[in-house]
Structure formats: C-alpha cells, structure tokens
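Single-structure report; data block below.
Quick note: the coordinates plus some simple rules give every number you see, no bench work behind them. What you see is a predicted model, and the numbers here were worked out from it, not measured in a lab. Cβ sites come from the backbone with ideal geometry, for glycine too, and all protein chains shown count toward neighbours.
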Amino acid sequence: MTTVTEHHQVSPQPDALATTVVTSWKAPIAFAVFTVAALALAVFAPREGDTTYRLNASDKDAIIIANISVPAMPALWAVVVLLAVATAFSVWLVTQKRRVPLWLVVVFAILFLFGFLTWAGAGAMLPMINLLYGSLSLAVPLIFGALTGVIGERVGVINIGIEGQLLAGAFTSAITASVVMSSTGSMWLALFAGVIGAMVAGALVGMVLAAFAIKYFVDQVIVGVVLNVLVTGLTSFFFSQVLAPNAAVLNSPPRFPRLPIPLLSEIPIIGPVLFRQTLIVYLMYLAVIVVFIGLFKTRWGLRLRAVGEHPQAADTVGINVNRTRFWNVALAGTIAGLGGTFFTIGSGIAFNKEMTAGAGFIALAAVIFGGWDPIRATLAALLFGFASNLQNTLSVIGSPVPSEFMLMLPYLVTIIAVAGLVGKVRGPAAAGKPYRKA
Amino acid sequence: MSEPQPKTSTTPRDTTTVPAQAPEPSRWHQTFQKITTGNALISVLSVLLALVVGAIMIAFTDEDVQKAAGYFFARPGDTFVAVWQSVSGAYSALFQGSIYNFRRDTFAAGIKPLTETLTFATPLIAGGLGVGLAFRVGMFNIGGRGQMLIAASVAGWLAFGFDLPWGLHMLVALVGGLLGGALWGGIAGLLKAKTGAHEVIVTIMLNFIAFYLVSWLLRTPGLLQAPGSSNPKTPPMKDTAIFWNLKEYGYNLHLGFVVVVAATVLVWWILSRSSLGFRFRAVGENPNAARVAGINVPSIYVYAMLISGALLGLAGVNQVLGTVTTGFTAGIDAGVGFDAITVALLGRSTPWGIFAAGLLFGAFKAGGYSMQAAEGVPVDIVLVVQSLIVLFIAAPPLVRTIFRLPDPGRGPKRPRPIVTKEVTAK
C-alpha cells in the first residue's frame with residue numbers, strides 16, 4: 001500500500017515543531033465541476049416521469065425485491081443540493097487545512113451517479129442487475145491486464161505491452177481451444193487447453209519484454225510499444241494467412257458456460273451479479289486476492305517490491321535483482337494472457353484482427369489511476385467496465401444523451417479524476433530503470 | 001538511418017581538452033572498427049534480420065511451399081524452389097511497389113511507386129517529429145490519434161465550409177488544423193504542468209474522447225456531415241483549400257511533403273539551435289537539474305505538448321488536404337498516430353533520423369499494399385518487419401551476437417548510471 005502520512009493535530013506543547021499539512025484545492029474544484037454539471041442537467045434538460053430501478057435478475061429468484069420507483073426531477077434536485085453541500089464541506093475542510101477524506105469522495109461519486117442514472121432513466125425501467133453484471137464482464141480483461149501492469153511496475157519493469165499480451169492470449173486460446181475441441185470433442189479439455197495456451201502466450205510476450213529490458217537495457221517503454229505492434233502484426237498476419245481459410249478447425253472456439261455458485265448466487269443483487277459468472281471471472285476474483293496478498297503479505301511480495309523500489313538495497317541483501325524481475329514479468333504475463341481468453345473462449349467469439357481494441361491501454365490507465373495497488377486498480381477497471389456498459393444499457397432504454405457522449409464519459413471522468421483527485425501519482429521508484437550491478 | 005547522437009558531436013573546445021593518444025592506430029583500422037561497430041551497420045543488419053524473419057513467415061504460410069514440403073524427402077529441391085519463389089515474389093513486389101517499377105515502359109511511370117512512398121511517408125514523418133519532440137522532453141505522447149482527428153476536423157471544416165481565395169484558403173485550413181492539434185496536445189501538457197496528471201493516461205483518454213467527439217460531429221447534420229447524406233462522412237474539400245499536387249501528372253504526391261521537409265528543418269532548428277530547444281533537452285535529461293538551473297519546468301511541458309500536438313496535427317491536415325480530399329470519416333488517422341511512435345523510436349528522436357525512418361516506413365506501407373495485391377501476402381507482415389527493425393536497432397548487443405561482430409570497447413558505448421564514484425561509495 002502506498003504509505004499515507006497522517007498529520008494528526010499536534011498535542012499542545014509549547015515547543016512542538018510546526019507540522020506542515022499539504023492541502024490541495026483539487027478535490028473541491030473537481031466536486032464543484034460535477035455539481036455544476038448536475039445542476040446544468042436539472043436546469044437545462046429537465047425530464048419527466050419516474051425512474052424505476054429493477055433489482056431482480058429474473059422472476060425466478062429465491063428472494064424477490066420490489067422494484068424501486070423514484071420521481072426523476074425531485075430526486076435530481078435533491079442530489080444537486082446534496083452535492084452542493086458536499087462541495088461546501090470539502091471547501092470548508094481545505095480552508096481548515098484538513099484533507100478531504102476518501103469516504104467523502106466515494107459518497108460524492110455514488111450520489112452523482114444516482115442523480116445521473118435517475119435523470120437518464122426517467123420514464124423507463126433500469127435493469128440494475130444486467131447493468132452491473134455486464135459491467136463486471138466488460139471489466140474482466142481490464143482487471144487481468146491491470147494486475148499484470150501492477151506486478152510489472154512493482155518489480156521495476158514498466159509494461160506498455162499489456163495490449164499485446166491480451167491479444168496474444170486471445171489468439172492462442174482461440175487456436176488451441178479450437179484444435180483440441182475438433183480433435184477430442186471434449187469441451188472442458190478444449191477450454192482448459194485454451195487457458196493454458198493463453199497463459200503461455202502471455203508469458204512469452206512478457207519474457208521478450210523482460211529479456212530486452214533487462215539483458216539488453218532497451219528502454220522499457222520502447223519495448224512495450226514495439227511488442228504491441230509486433231503482436232498485432234503477427235496475429236493479424238496469421239489470422240489472414242492461416243486462420244481465416246481454415247476457420248472451422250482453427251478458429252471456432254467453444255465458450256465457457258455460466259457456472260452459478262450454489263447458495264451464494266441466490267443472495268439478492270450480489271448473487272446474480274457476482275456469482276452467476278463464468279469460470280474466468282471466478283479466476284479473476286482469485287487472481288486479485290492472490291496478487292494482493294502475495295504483494296503485501298508474503299516474502300515473495302516483499303522482495304518484489306524491494307527490487308522495484310530500491311534495487312541496490314535489494315541486491316545488497318542478496319536478492320538477485322534481474323532474475324527476480326525476469327521471472328515476475330513472465331509470471332505477470334500469464335495473468336494478462338488469461339485476461340485475453342475473455343475475448344475468445346470467454347465470450348464464445350472467434351478470433352479477429354485487433355479484437356482487443358485498446359483494452360490494454362485502458363488497463364494501463366487503470367494501473368496508474370489505481371496508484372499501483374491491485375485492489376484500487378481493480379476498482380478503476382470496474383469503473384471503465386461500468387461506464388461502457390452504462391452506455392449499452394441506456395441505448396437500449398433510449399438515452400437522452402447522444403451515445404458518443406456516453407461512450408466518452410469514462411475517459412472524461414478518468415481525466416478529471418487523474419487531474420483532480422489523484423494528481424501527482426508516484427510509482428515504484430525504480431520502475432523503468434534497468435539495473436546494472438556495479 | 002540513425003543520426004549520430006548529439007553527444008558524439010564535438011565542439012571546438014572539446015578537441016583541445018582531449019589528450020592526444022600516443023600510438024595512433026592506422027586509419028584503415030579505425031575505419032574498419034567504425035564500420036563493424038557503428039550504428040549504421042547495426043541499422044542495416046537490423047533491417048536485414050527483420051526481412052529474413054519476414055521471409056520465413058512468408059515461406060511457411062505459402063501454400064506452394066506447404067505442398068512441396070509434403071514430399072520434401074522425395075524431392076527436396078521443389079521445396080527450396082517454392083520457398084525462393086514465394087519470398088522473392090513478395091519482396092520484389094514490395095520493392096516495385098515502393099521504389100521503382102521495372103515493368104513500366106517510361107521512367108515517369110516507373111518512378112510512380114517512389115512518389116507513393118513519399119506520399120505515405122509524409123504523415124509518418126510529421127507524426128514522428130511530434131512524438132520524437134515529446135520524447136526529447138521526457139514525455140510520451142501516445143495521443144497522436146486524438147490530435148490528428150481534431151486537427152483533421154478543424155482543417156476539414158475550414159476547407160469545405162468556407163469560401164476563401166486560392167492560396168489563402170489552404171493556408172487558413174493548414175494553420176487552423178495545426179492549432180487544433182496543438183490545443184488537443186496542449187490539454188495534456190497543461191494538466192501535467194498544473195496538476196501532475198500523467199501524460200500517458202491523459203493522452204490515451206483524449207484519443208478516445210476525440211474519436212467519439214469526431215464521430216458525433218460526423219453523424220450530426222449541420223456540423224461535419226455532408227448535407228443530404230446519412231453517412232458519417234464530410235463533403236469533399238474545396239479546390240481552393242487542397243494542397244497543390246501532381247495529380248494531373250498521375251502522381252499522388254502533394255505539397256504536404258514539402259511542408260513536412262520544412263517541419264523537419266524547423267524541429268531540427270528548435271531542438272539544436274534555439275534556447276527553447278536547449279530548455280526542452282535540459283528538462284528531458286533531468287527535470288530536477290533543469291529546475292535548479294532556473295528553467296520553468298511546467299511551462300516547458302506545456303510548450304512541448306503544444307508543439308508536439310501541432311506536428312501530429314500536421315499529419316492530420318496532410319490526410320484531409322492532401323491524401324483523402326474527397327471527404328473524411330472518423331478513421332482518417334489511419335493508425336498514423338501509433339505508427340509515429342515506432343517512427344520516432346527508429347529515428348532515435350532526432351529530426352533527420354525520424355525523416356529517414358519515416359521514408360523507410362512509408363516505403364514499407366506503399367510496398368506492402370502492392371505486395372498484398374500482387375502476391376496475396378497480407379499487409380500485416382509489414383507491421384512485423386517494422387517492429388522487429390525497431391527492436392533490433394534498440395538492442396545492438398543482440399545484433400552483434402547474431403552476426404558475431406566485435407563489441408566496441410565495452411564501456412563507453414553503454415550508457416552508465418549518472419553517478420560518480422564518490423557518490424556510489426557512500
């Protein structure tokens with residue numbers, strides 16, 4: 001975790017050293033921007049009717065929750081007032097030289113989102129379960145990619161090549177799963193082979209990155225960018241030359257079926273969203289937990305972070321810096337490769353040229369947005385997933401906003417968040433610097 | 001191909017301080033050393049290696065080769081003939097599509113592929129200059145796509161929506177486009193300067209925002225959409241705004257190439273002759289030291305992103321005023337924003353290096369399409385070859401190992417951490 005130095009009130013001693021508290025106006029300014037945006041919606045684009053939030057996945061759920069109806073405009077006005085209060089509170093906090101606490105940011109975000117959803121869904125029914133379920137699904141490759149980026153940067157290797165690793169994973173899983181499926185006929189065996197193939201492919205790309213960065217001291221950003229192009233070129237070439245003419249054998253992957261977890265999947269709201277997913281999503285939960293615990297609670301993680309923060313010190317106590325970097329970047333590659341399976345065998349879609357469509361770059365943004373922390377990077381990735389699925393949902397119920405602006409929203413929010421809330425983020429100290437033993 | 005690095009250029013003062021080596025090695029020996037260890041040879045060998053890998057890929061996926069390989073042990077000669085035919089066919093198509101076509105009767109027709117190369121190279125060079133300039137300031141401008149799209153939209157809007165006299169119209173559209181690109185790049189610079197927001201995130205996000213913004217403008221009647229049409233496409237550019245070109249002689253080459261040559265000279269002048277360029281490089285080398293030396297680092301970030309955005313904007317303007325003048329869609333950037341990154345890397349962020357790299361990649365692009373048309377080899381192989389070239393050039397030790405070349409006196413060539421012995425000893 002990033003260490004946050006808390007400056008408590010200094011006990012009233014006469015000669016106490018004055019503590020400096022760094023306060024920033026960024027949060028109040030960002031709050032004000034969003035408050036004005038909500039106010040503008042209420043004033044310039046009023047809408048009529050009630051918004052109904054539907055909280056059941058289907059009528060066959062074990063526990064049925066009644067739909068919640070909210071009158072759109074009164075709710076929006078209430079939200080505007082609350083947002084204004086929160087903004088004023090944050091301004092007061094900053095004038096008092098105090099930090100704007102994280103909970104206030106979270107409450108503010110939820111309030112704004114509620115206000116926006118209520119406004120956008122006026123006169124219609126919002127299927128909340130579908131919205132959240134789809135968000136999680138869309139976030140899956142981003143989360144896997146972000147975990148890869150987090151491990152890489154924590155060990156001191158900047159990984160711009162996540163996009164390439166996802167693409168390599170998608171390509172390999174499609175081929176291996178299709179081949180095994182057509183030769184053995186067993187779906188689970190095919191899916192298993194696809195997953196293994198994708199992990200190997202991701203690891204291979206990671207190894208190339210690590211080899212060039214560590215052995216040949218090539219700038220890590222350069223290798224990452226070039227690897228993206230290389231993987232794009234290779235997969236597109238083989239797709240046109242080999243896969244497309246033999247699609248029946250080489251490019252018709254099976255699909256991971258949904259596996260509801262007994263009991264857990266019957267919990268209202270949470271169950272249908274979290275526990276009626278495919279095996280890949282369950283693997284994703286596992287990966288997030290394992291990476292988090294591994295990084296911060298185990299010897300492996302301590303060594304990894306030491307190598308990324310201060311390689312000289314790590315070397316002094318006997319850690320082989322370059323070997324640690326190489327194998328951890330390769331290991332991280334397996335995670336991104338796994339994420340690539342989402343595009344093909346995870347969704348039952350045949351491989352196509354450049355099918356990852358920039359997901360690796362979004363994952364990279366999630367890494368930095370999440371402050372190089374696996375949990376926060378996951379949350380950032382979920383935000384992207386939510387925003388893109390929100391657009392899908394709203395276009396179904398008839399969105400009042402042009403779809404392009406809805407699609408733009410997550411990226412706009414990221415910029416405001418990065419500029420306003422995160423600000424000067426500080427990554428691992430030695431990330432991007434090759435280590436040469438003196 | 002690769003420009004000599006700035007550090008090797010010696011000022012007169014340096015020559016006086018360097019003590020004369022006692023036994024001077026013979027000139028031939030020096031020259032031989034330079035050739036076998038220098039950058040130029042590494043570059044040539046890198047291109048060669050990448051082409052060999054490309055040849056292997058072409059041969060392995062060729063149907064005739066696969067057929068002949070089926071009876072390899074009966075008649076191995078057939079396989080080699082098939083390999084030779086597939087590879088030589090593809091590469092001669094690549095050459096004839098990018099440099100000179102021998103099958104044409106006249107020189108004027110034969111030279112057309114070369115002009116195609118220059119046309120394809122034009123936006124690549126402009127974009128590469130933009131990315132490379134940002135690299136020199138220590139910033140990674142990955143937002144070429146957004147900057148090109150915004151620039152193309154502004155230039156296109158000025159070019160089809162207004163009636164201005166011949167010449168002036170073109171100038172107005174060009175300048176408008178440059179300003180659009182500069183604005184879009186400047187946002188990232190400003191946010192980095194004011195709030196410390198990481199430019200990689202901001203420029204990636206701005207790419208998506210620009211794409212959706214332009215998509216919306218293109219499908220909304222009264223904005224960029226052609227009147228009376230339901231396609232997300234603009235009307236064609238007015239003749240008064242189009243770059244002067246050689247279309248009447250059958251070439252696609254246009255004034256954009258001249259503009260890009262001028263831009264290369266300008267960037268060279270900025271980086272190596274102006275005081276702004278000195279500050280750019282100082283911030284790029286070490287922002288902390290630059291700050292201590294009295295340079296306003298945040299404002300340098302803004303200036304650098306403004307200029308970088310304008311250069312990528314030039315690439316966008318080239319597309320709408322030079323290459324595709326019949327109206328554009330949201331795909332007008334044609335991936336140049338990302339290709340520009342590889343061009344800048346191959347050119348090692350020096351203006352003339354980028355110019356050469358842009359020409360090479362332009363040739364690959366022009367030749368790649370004719371290779372696809374003539375031999376059925378997917379144009380994607382060009383991406384593989386390009387990325388391998390950059391990878392090999394970036395790792396000279398690897399190339400030396402493959403070709404068993406001597407290692408130039410292990411030390412001076414390799415960059416070292418900038419710490420003196422006294423500091424490390426502490």
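Rg to Rh ratio, segment B:195-269, alpha-carbon atoms and Kirkwood radius?
On the way: Rg = 18.1 Å, Rh = 16.1 Å.
Checking Rg against Rh, the ratio lands at 1.13.
I want to verify a result. In a Gaussian network model of chain A, Cα cutoff 10 Å, which of these has the top mean-square fluctuation: A:Leu55, A:Leu76, A:Leu412?
A:Leu412
Can you put A:Val150, A:Val225, A:Val208, A:Val249 in order of Cβ neighbours within 10 angstrom, beginning with the fewest?
Working: A:Val150 29, A:Val225 25, A:Val208 21, A:Val249 13.
Lowest to highest Cβ neighbour count: A:Val249, A:Val208, A:Val225, A:Val150.
What is the distance, in nm, between label points placed 7 Å from the Cα along the Cα-to-Cβ direction at A:Ile110 and at B:Val81?
7.7 nm
Can you tell me the mean projection area, over all orientations, of the convex hull of segment A:133-220's alpha carbons? Units nm², please.
Details: hull surface 26.9 nm².
With the hull built on Cα positions only, its mean projection is 6.7 nm².
List the extent of the Cα atoms of segment B:220-259 along each of their three principal axes, largest first, rounded to whole Å.
Taking the Cα atoms of segment B:220-259, the three principal extents are 35, 21, 16 Å.
Under 19 Å from a label point 7 Å along Cα→Cβ of A:Ile270: give me every residue in segment A:49-74 with its amide N that close.
A:55-58, A:61-66
So how far apart, in nm, are the two label points at A:Val36 and B:Lys194 if each is 7 Å from Cα heading toward Cβ?
1.1 nm
With respect to the cross-link table entries B:Lys112/B:Lys233; A:Lys26/A:Lys433; A:Lys215/A:Lys437; A:Lys215/A:Lys433; A:Lys26/A:Lys97; A:Lys26/B:Lys194, which display a Cα-Cα separation exceeding 19 Å?
Values: B:Lys112/B:Lys233 29 Å; A:Lys26/A:Lys433 31 Å; A:Lys215/A:Lys437 12 Å; A:Lys215/A:Lys433 12 Å; A:Lys26/A:Lys97 13 Å; A:Lys26/B:Lys194 10 Å.
From the list (B:Lys112/B:Lys233; A:Lys26/A:Lys433; A:Lys215/A:Lys437; A:Lys215/A:Lys433; A:Lys26/A:Lys97; A:Lys26/B:Lys194), the Cα-Cα distance tops 19 Å for B:Lys112/B:Lys233; A:Lys26/A:Lys433.
If I take all pairs of Cα atoms in chain B, what percentage of them are more than 35 Å from each other? List each step's numbers first, then the result.
Numbers: 34910 of 90525 pairs.
Looking at chain B, the distances longer than 35 Å represent 39 percent of pairs.
Rounded to the nearest angstrom and ordered from largest down, what semi-axes does the equivalent ellipsoid of chain A get from its C-alpha gyration tensor (root of 5λ)?
Values: eigenvalues 282, 223, 69 Å².
They are 38, 33, 19 Å, listed largest first.
Using only the Cα atoms of segment B:274-404, what do you get for the radius of gyration and for Dmax, in Å?
Answer for segment B:274-404, Rg first and Dmax second: 18.7, 59 Å.
Rounded to the nearest angstrom and ordered from largest down, what semi-axes does the equivalent ellipsoid of segment A:60-104 get from its C-alpha gyration tensor (root of 5λ)?
Numbers: eigenvalues 242, 56, 3 Å².
Rounded to whole Å, the semi-axes are 35, 17, 4.
Measuring from the lowest to the highest alpha carbon on each principal axis, how far does segment B:226-282 reach, largest first, in angstroms?
53, 32, 16
In sequence order, what are the phi-derived ³J(HN,Hα) couplings for segment B:154-160 according to the Karplus relation 6.51 cos²θ - 1.76 cosθ + 1.60 with θ = phi - 60°, rounded to whole Hz, with x for glycine and proline?
5, 4, x, 4, 5, 7, 9
Could you tell me the calculated FRET efficiency between A:Leu412 and A:Ser186, based on Cβ-Cβ distance and R0 = 56 angstrom, to the nearest 0.05?
On the way: r = 46 Å, r/R0 = 0.83.
Step by step, r from the Cβ atoms, then E = 0.75.
List the residues whose amide H sits under 5 Å from the amide H of A:Thr278, counting only those 5 or more places along or on another chain, with H placed 1.01 Å from N in the peptide plane.
Placed amide hydrogens put A:Leu259 under 5 Å from A:Thr278.
Just how far, in whole angstrom, is segment A:149-194 from segment B:133-166 if you go by their alpha carbon centroids?
37 Å
Cα convex hull of segment A:108-158: mean projected area in nm², to one decimal? Display every interim value, and only then the final one.
On the way: hull surface 20.3 nm².
That works out to 5.1 nm².
Whole-Hz ³J(HN,Hα) for each residue in segment A:135-142, computed from phi via Karplus 6.51 cos²θ - 1.76 cosθ + 1.60 with θ = phi - 60°, x for glycine and proline: what do you get?
4, 4, 4, 5, 7, 4, x, 5
For the protein assembly as shown, I need the span (max minus min coordinate) of the C-alpha atoms along each principal axis, in Å, sorted largest to smallest.
85, 74, 68 Å, listed from the longest principal axis down.
Kindly put A:Ile345, B:Ile201 in sequence by how many other C-beta atoms sit within 10 Å of each C-beta, fewest to most. Mind showing how you got there, number by number?
Values: A:Ile345 31, B:Ile201 28.
Lowest count first: B:Ile201, A:Ile345.
Where in segment A:180-218 is the amide nitrogen less than 12 Å from a point lying 7 Å along the Cα-to-Cβ axis of A:Arg436?
A:216-218
Test of understanding: express the Cα radius of gyration of segment A:255-369 as a ratio to 2.2 N^0.38 Å, with N the residue count. Write out the running numbers ahead of the final one.
Working: Rg = 18.1 Å, N = 115, 2.2 N^0.38 = 13.4 Å.
Rounded to two decimals, the normalised Rg is 1.36.
How would you rank A:Leu104, A:Leu295, A:Leu286, going from fewest to most other Cβ atoms within 10 Å of each one's own Cβ? Write down the numbers at each step before the final one.
Values: A:Leu104 17, A:Leu295 22, A:Leu286 10.
Listing A:Leu104, A:Leu295, A:Leu286 from fewest to most nearby Cβ atoms yields A:Leu286, A:Leu104, A:Leu295.
Which FRET efficiency value, to the nearest 0.05, do you get for B:Tyr71 and A:Trp103 by plugging their Cβ-Cβ distance into 1/(1 + (r/R0)^6) with R0 = 56 Å? List each step's numbers first, then the result.
Working: r = 74 Å, r/R0 = 1.32.
Computed FRET efficiency for B:Tyr71 and A:Trp103: 0.15.
Calculated from DSSP H runs of 4 or more alone, at -39500 (n - 2.57) each and per residue, what is the 222 nm mean residue ellipticity of chain A, nearest 500? If you can, show how the numbers build up before the last one.
Details: 16 runs with 270 residues, N = 438.
Estimated from H runs of four or more residues: -20500 deg cm²/dmol.
At 7 Å along the Cα-to-beta-carbon direction for both B:Ser229 and A:Arg258, put a label point, then send me their distance in nm to one decimal.
4.3 nm
Mind checking the dipole of the protein assembly as shown: about its Cα centre, +1 per Lys or Arg Cβ, -1 per Asp or Glu Cβ, Debye to the nearest 20?
In total the dipole reaches around 2260 debye.
Limiting things to C-alpha atoms, what are the Rg and the maximum Cα-Cα separation (Dmax) for segment A:94-180, in angstroms?
Gyration radius and largest Cα-Cα distance of segment A:94-180: 20.2, 66 Å.
Over all directions, what mean area does the Cα convex hull of segment A:28-99 project, stated in square nanometres?
Working: hull surface 28.3 nm².
With every direction weighted equally, the projected area is 7.1 nm².
In whole angstrom, how long is each semi-axis of the equivalent ellipsoid of segment A:206-257, when you take the square root of 5 times every eigenvalue of its Cα gyration tensor and sort them from largest down? All intermediate terms of the calculation are to be shown ahead of the outcome.
Numbers: eigenvalues 196, 37, 13 Å².
Taking √(5λ) for each Cα gyration eigenvalue gives 31, 14, 8 Å.
Hey, with R₀ at 41 Å, roughly what FRET efficiency would A:Met207 and B:Asp239 work out to, going by the Cβ-Cβ distance, to 0.05?
Numbers: r = 55 Å, r/R0 = 1.34.
Efficiency computed from Cβ-Cβ geometry: 0.15.
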